[in-house]
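The values are calculated or read from the model by the stated rules, or taken from the named source; none is laboratory data. Just so we're clear, the structure is a prediction, and the values are computed from it rather than from any experiment. Cβ atoms come from the backbone with ideal geometry, glycine included; neighbour counts cover every protein chain shown.
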Amino acid sequence: MPVARRQVLAAAAAAPLVASALGGTSAAAGTARGSGDYLVGRGIADVTGPAAENGMMGYSMPQQQTAGIHLRTLARAFVVADGDQRIAFVTAELGALFQSVHQGVLRKLREKYGELYTEQNVLLNATHTHAACGGDSHYAAYDLSILGFQEQTYNAVVDGIVEAISLAHDDLKPGTVHLGRAVLTDASVNRSRSAFDLNPQSDKDHFPLAIDPAVTVLRFAQGSRDVGAITWFATHGTSMTNTNQLISSDNKGYAAFAWEQLDDEFVACFAQTNSGDMSPNLNLSPGSGPTDDEFENTRIIGDRQFRAARSAFDSAQEQITGAVDHRMCFVDMSKVVVDGRFTPDGRQHKTTTAAIGVSMLAGSREDGPGLPLPEGVRNPFLDWLGGADEPVPDWLAGEQAPKPVAVPFGAMKPYPWCPEVLPLQLIRIGQLHLVAGPAEFTIVAGLRLRRAVAEELGVPLENVLVQGYSNAYSQYVTTPEEYDAQQYEGASTLFGRYTLPAYQQEFTRLAAAMRTGESVPLGPTPRDLRGKLINFQPGVVFDDKPPGREFGDVLTEPATRYGRGEQASAVFATGHPKNDLHRGGTFAEVQRLVDGSWQPVADDRHWSTKYRWARTGPATSTATITWDIPPSAPTGRYRIVHHGDWKNGWNGEIKPFTGTTRAFVVG
């Protein structure tokens, strides 16, 4: 159970080693360099935002607002220290890892740990699920469909990530790391094949199936016990469609869930790489492939990743040895002069002010089209910003060519709608190197970036991975050849045709500094936009209950008996989920009677449960909880429990309540 795992990891915080790890390094860490022994720790925490009436991040559909939970979204952290250096690696089940979150997490880490964890050695990234809460960016482009900045979402994400890192820090113990690899060919498809085919044959030959099938796993052990894994594989978090309104961690979330169910103490992290043109919708249609059921597709694509990861994990014989190292800087990606050694024609070029193309507005047909607004509906947040009809200067149209510019994000006033000063980070864990970029790289863009870094470092290509969606978000990066096609990915490459060559140049600079042991200037400071955006999403005024009912009352009881494989359900009178997000807790629980006491079986982190919230009046609402009874469920007596909160309209006080169904028999 997830609850048990949280308790185990929290208990690990009390280990005697904590005192030696807190302010610096222990004697054990001092011998780590070159020996293959490190201090390793792992942690997991909840980053789930409001489970009702909060826009989702990914498809840019204003009508796609949360209305319950299928799988809570979590952050998984690993800390690795070699005695001289340490890194904190976090994958959060989010649509994107925004610069606002990066800044907020670092502020809190600095308050707690001083200079132990900084922008230099903390790598934050997202799985890119399209079914998580949005509104946690300080840049308008990514809050448009969410109707503004959502402070509840932002706080849940920042607090959850900090909690995960803190648990990993407190869990530090002597351990080892091993590297494993596998190939997975039936969990992704190239959704932009015509653009991919414009690349040189030497690039296409590297991907004969037009996908990146590589699965790379780090296997973490403390002493003789396996405690966690990070798995990298490129596929989009779009198995759940743009009509879904249940919070979900999508296919990578299912993969993590499946693995962690086998061991309550294990932390299974499934990270992205260069997945910009990789779709899990194998039939190249939203919610289609391998089946026509989005939940089943999420499970199948997730299960395939889990099984490939376990294969790589089980066969991981190569021990990670050597230094832990990092280089990081900020670069204004709108003003990079790119040397000819990185451009297709061998001539000097430059990047330009950010803009999106016309085809970006239509979305990706394969993963789910997204339009700014339904016809006839106004967006008050967009109106507050002054609209999106900023004229496109002739010089910008020329520099973005052949992109037909739709909205000049970087030229909007008073602040650009997207960041241009972006974090670039290179992380080393022994022989493995992570190129952490703040964007979605196509597979060939990722290949070229990896080649540039590997050549500069003098390491094998397979030991360099692109870690996408890292530390900020600036949409897509295509190759110049793919850019010319101006499909969705090219139209979403913000800084023009030479965006990728600029990344190749700047990451090569970081790699050269890492190779020679030199430091890198931090670069320009990103703007801090706290307090610059407002929210037009209505909040909770008050909650009411049906006549003659109390909050938590069961409006529809489950049946008295179910067989395995059937679905039990119950409906409760409830309050608004925004009253308390229950971060680290649950709205839904299934319990079983064991030796006279009720024991938890599943909650809203569990694949088998669904918690749905719905308005039934201006201030009344219901919670419907379903449980798909697993084939392995023991016979016995069960019940469904709902935990909620209601807001008093007279004094604003929020009070918790619990509702419990009658018992039912499974068997």
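In the set Gly134, Gly95, Gly114, Gly83, only one residue is farther than 17 Å from His433 by Cα, touching a Phe, Trp or Tyr at 6+ places or on another chain (Cβ under 9 Å) and surrounded by fewer than 24 Cβ atoms within 10 Å (Cβ to Cβ); that residue is Gly83.
Gly135 passes every criterion in (1) outside any helix (DSSP H, G or I); (2) free of Cβ contacts under 8 Å to residues at least 40 places away in the same chain apart from (2).
Residues in region 154-191 that are among the polar types (S, T, N, Q), more than 18 Å from Tyr113 (Cα to Cα) and surrounded by fewer than 24 Cβ atoms within 10 Å (Cβ to Cβ): 4 in all. Selection of region 26-80 for residues being on the phi < 0 side of the Ramachandran plot, of a type in the set (S, T, N, Q) and modelled with pLDDT of 90 or more yields Thr48, Asn54, Gln63, Gln64, Gln65, Thr66, Thr73. Has region 597-608 got any residue that is buried (at least 22 other Cβ atoms within 10 Å of the Cβ), over 22 Å from Arg72 (Cα atoms) and in contact (Cβ under 8 Å) with a residue 24 or more places away in the chain? Taking every residue of region 597-608 in turn, none turns out to be buried (at least 22 other Cβ atoms within 10 Å of the Cβ), over 22 Å from Arg72 (Cα atoms) and in contact (Cβ under 8 Å) with a residue 24 or more places away in the chain. Among the residues of region 192-222, just one is of a type in the set (A, V, I, L, M, F, W, C), under 30 Å from Lys112 (Cα atoms) and touching a Leu at 6+ places or on another chain (Cβ under 9 Å), namely Leu218. Reported count of residues in region 53-67, each being outside any loop (DSSP other than H, G, I, E, B) and either surrounded by fewer than 24 Cβ atoms within 10 Å (Cβ to Cβ) or of a type in the set (Phe, Trp, Tyr) (or both), is 3. Every listed requirement among (1) of a type in the set (S, T, N, Q); (2) within 18 Å of the chain's Cα centre (by Cα); (3) more than 25 Å from Leu432 (Cα to Cα) is met by Ser145 save one, (2).
Selection within region 282-308: residues that are part of a helix (DSSP H, G or I) and of a type in the set (Asp, Glu). The member of this set that is farthest from His130 (Cα to Cα) is Asp303. Checking each residue in region 249-258 for being surrounded by fewer than 24 Cβ atoms within 10 Å (Cβ to Cβ) and either over 10 Å from Arg299 (Cβ atoms) or under 17 Å from the mean Cα position of the chain (by Cα) (or both) picks out only Phe257. Does any residue of region 90-99 turn out to be farther than 23 Å from Ala268 by Cβ, touching a residue at least 60 places away in the same chain (Cβ under 8 Å) and not charged (D, E, K, R)? Scanning region 90-99, I find at least one residue that is farther than 23 Å from Ala268 by Cβ, touching a residue at least 60 places away in the same chain (Cβ under 8 Å) and not charged (D, E, K, R), so the answer is yes.
For the condition in contact (Cβ under 8 Å) with a residue 24 or more places away in the chain, on the phi < 0 side of the Ramachandran plot, out of contact with any helix residue (DSSP H, G or I) (no Cβ under 7 Å at 6 or more places or on another chain) and not small (Gly, Ala, Ser), what is the one hit in His582, His576?
His576
When Trp395, Trp417 are checked against the criterion of being of a type in the set (Phe, Trp, Tyr) and surrounded by fewer than 20 Cβ atoms within 10 Å (Cβ to Cβ), a single residue qualifies: Trp395.
The single condition from (1) within 30 Å of Pro408 (Cα to Cα); (2) surrounded by fewer than 24 Cβ atoms within 10 Å (Cβ to Cβ); (3) of a type in the set (Asp, Glu); (4) out of contact with any Pro (no Cβ under 8 Å at 6 or more places or on another chain) that Glu119 fails is (4). Cβ-Cβ contacts under 9 Å between residues 6 or more apart (or on different chains), taken from a first residue in region 260-279 that is closer than 13 Å to Gly228 by Cβ and assigned by TED's automatic domain parsing to the domain that holds Arg605 to a second residue that is of a type in the set (Gly, Ala, Ser) and crowded, with 24+ Cβ neighbours inside 10 Å, are absent. Among the residues making up region 640-667, those that are outside any loop (DSSP other than H, G, I, E, B) and either more than 33 Å from the chain's Cα centre (by Cα) or closer than 13 Å to Val541 by Cβ (or both) are Trp646, Lys647, Ile654, Thr660, Phe664, Val665, Val666.
Every condition in (1) closer than 21 Å to Ala602 by Cα; (2) touching a strand residue (DSSP E or B) at 6+ places or on another chain (Cβ under 8 Å); (3) surrounded by 24 or more Cβ atoms within 10 Å (Cβ to Cβ) is met by Leu246 except one, and the failing one is (3).
Considering only region 503-519, I want to know if a residue exists there that is in contact with a strand residue (DSSP E or B) (Cβ under 8 Å, 6 or more places away or on another chain), buried (at least 24 other Cβ atoms within 10 Å of the Cβ), not β-branched (Val, Ile, Thr) and not in a helix (DSSP H, G or I). The answer is no, given that none of the residues of region 503-519 is in contact with a strand residue (DSSP E or B) (Cβ under 8 Å, 6 or more places away or on another chain), buried (at least 24 other Cβ atoms within 10 Å of the Cβ), not β-branched (Val, Ile, Thr) and not in a helix (DSSP H, G or I). Listed conditions (1) modelled with pLDDT under 95; (2) part of a loop (DSSP other than H, G, I, E, B); (3) in contact with a strand residue (DSSP E or B) (Cβ under 8 Å, 6 or more places away or on another chain) are all met by Trp417, apart from (1). The set of residues from region 621-639 being surrounded by 17 or more Cβ atoms within 10 Å (Cβ to Cβ) and in a loop (DSSP other than H, G, I, E, B) comprises Ile629, Ala633. Screening the candidates Phe495, Phe551 for the property of being touching a residue at least 60 places away in the same chain (Cβ under 8 Å), touching a Ser or Thr at 6+ places or on another chain (Cβ under 9 Å), crowded, with 20+ Cβ neighbours inside 10 Å and over 30 Å from Asp645 (Cα atoms) yields one hit, Phe495. Condition (residue is in a loop (DSSP other than H, G, I, E, B), in the same structural domain as Gly55 (by TED's automatic domain parsing), surrounded by fewer than 24 Cβ atoms within 10 Å (Cβ to Cβ) and among the β-branched types (Val, Ile, Thr)) applied to region 122-130: is it met by at least one residue? Checking region 122-130: not a single residue is in a loop (DSSP other than H, G, I, E, B), in the same structural domain as Gly55 (by TED's automatic domain parsing), surrounded by fewer than 24 Cβ atoms within 10 Å (Cβ to Cβ) and among the β-branched types (Val, Ile, Thr).
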